[in-house]
Structures are given as structure tokens and as C-alpha cells.
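Undergrad: I have a structure here, written as C-alpha cells, and I will follow up with some questions on it.
No value in this document is a laboratory result; all are computed from the given coordinates. None of these values were measured; they are calculated from a predicted model. Please note: Cβ atoms are built from the backbone with ideal geometry, for glycine as well, and neighbour counts cover all protein chains shown.
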Amino acid sequence: MRVVIAAAVLAATCSGAVAQDQPITSPQDAQCRDEARDKVFAAPNPKGLTPFALGAEIYHACMRRLGVETNPPRE
């Protein structure tokens with residue numbers, strides 16, 4: 001059981017790190033990455049998300065606000 005939990009945590013951590021290594025694709029992408037990075041430790045976090053997950057929420061909300069992304073991210 002511990003191995004399964006450790007594997008799940010490792011996979012979640014690595015997937016977030018891989019997303020950060022993707023090249024910037026547009027000015028809006030760059031703007032939203034900056035916004036997420038700047039707000040991740042100051043934003044309210046009532047769900048108790050990890051910094052990676054909270055940053056992703058901030059990023060996707062920014063992209064939707066700018067009209068670049070229309071669908072909410074998968075959880």
C-alpha cells in the first residue's frame with residue numbers, strides 16, 4: 001500500500017514539474033505564468049492544495065479570464 005501511495009505522490013509531483021518546463025507559447029501564457037508565480041503564496045487556499053496545484057488553478061483562471069482557455073482544467 002505504501003508503494004502505491006508513494007508512486008501516486010511521485011507521479012503528481014513530476015507531472016507538475018514537467019508542465020513548468022514547457023516552452024511559453026504566447027504573451028498570455030507568459031502573463032499568466034507570471035501571475036501564478038507571483039500569487040501562489042499569497043492567494044487564499046481553502047482547499048489546502050499544494051503550491052503546484054494552487055499555481056495551476058491561478059494560471060488556468062488567468063487564461064480563462066483572458067479568453068485563451070475556455071474549459072476548466074481536469075482535476
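Undergrad: Please turn the phi angles of the stretch 28-43 into ³J(HN,Hα) values with the Karplus equation 6.51 cos²θ - 1.76 cosθ + 1.60 (θ = phi - 60°), one per residue in order, whole Hz, x for glycine and proline.
TA: In residue order, the calculated couplings are 5, 4, 4, 4, 6, 5, 4, 4, 5, 5, 6, 9, 4, 9, 10, 6 Hz.
Undergrad: Along the Cα-to-C-beta direction of residue 22, a point sits 7 Å from the Cα; which residues of the stretch 38-57 have their amide N less than 17 Å from that point?
TA: 52-57
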